[in-house]
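Here, each number is a calculation from the coordinates, and none is a lab measurement. All values derive from a computational prediction rather than experimental measurement.
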Amino acid sequence: MRDELTASQREQARLRECLEQILQEVEAKAPALKRQREQYDAALDRVEDLEHKLAAAQQENDRYAERVRSAPLAQRWIGMVPR
């Protein structure tokens, strides 16, 4: 019984050391992980902004394309192009 108690205490001490080491590693990486998360969030915001700009540019392009297609000169040119 005493051997089991000693073995259990040694195992608990070993586990405490492992947990302490893990905690130190996490604490050491925390600033880098925080910075990385902030950069990721900023990138997501930039992507969203660029998606809105792209959609607006596509709509503007569609409007111009429609104006060109409906212009009399363009209709003549379109009629001349073999299909």
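At-a-glance table
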{"item": "Cα gyration tensor category, rounded, prolate or oblate, for the chain with a/c compared to 1.5", "result": "prolate"}
{"item": "Calculated [θ] (222 nm, deg cm²/dmol) that DSSP helices of n ≥ 4 give over the chain, each run adding -39,500 (n - 2.57)", "result": "-34500 deg cm²/dmol"}
